[in-house]
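Every read-out reported here was derived from the displayed coordinates using simple, explicitly stated rules and does not represent laboratory data. All values derive from a computational prediction rather than experimental measurement.
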């Protein structure tokens with residue numbers, strides 16, 4: 001976990017860090033695709049942003065300010081009748097956030113990818129055992 005004081009001058013750095021983390025998650029997902037394909041699943045990675053102060057969720061980047069949060073969502077999807085995909089398993093990761101009071105804002109970045117690897121392995125075990133819901 002990386003923690004530092006938020007300043008507007010850090011916006012580009014935060015954006016670049018988020019993009020690096022997203023790339024790492026994407027690379028991991030791509031490594032696991034064949035393992036999930038074996039069971040008729042594929043992995044899908046999406047991003048979403050929250051503005052917690054206004055209770056707002058968005059599929060596109062929100063501005064950096066107090067209450068900003070960036071998430072990566074990983075879904076294991078399976079086709080039904082070869083037409084529609086539906087989600088069986090999903091997990092969400094908080095990658096960054098800006099929190100604090102008035103002029104004392106802090107940024108937290110979570111570049112750790114261990115959790116997604118553990119979760120993907122857990123998903124595979126559930127699928128293998130047909131232990132879903």
remark   = Note: residue 5 to residue 125 extended length (0.36 nm per residue) minus current alpha-carbon separation gives 39.2 nm
key: Compactness of the chain, expressed as Rg and Dmax over alpha-carbon positions, Å   = 16.9, 54
Where N is the number of residues in the range 14-74, Cα Rg divided by 2.2 N^0.38 Å = 1.36
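Note the full-extension length gain between residue 34 and residue 101 as 0.36 nm times their separation in residues minus their Cα-Cα distance, in nm to one decimal.
Full extension of this stretch gives 19.5 nm more.
How high is the relative contact order of the chain, given as a whole-number percent (alpha carbon pairs under 8 Å, six or more residues apart)?
Numbers: 206 pairs, mean separation 35.8, N = 133.
Computed value for the chain: 27 percent relative contact order.
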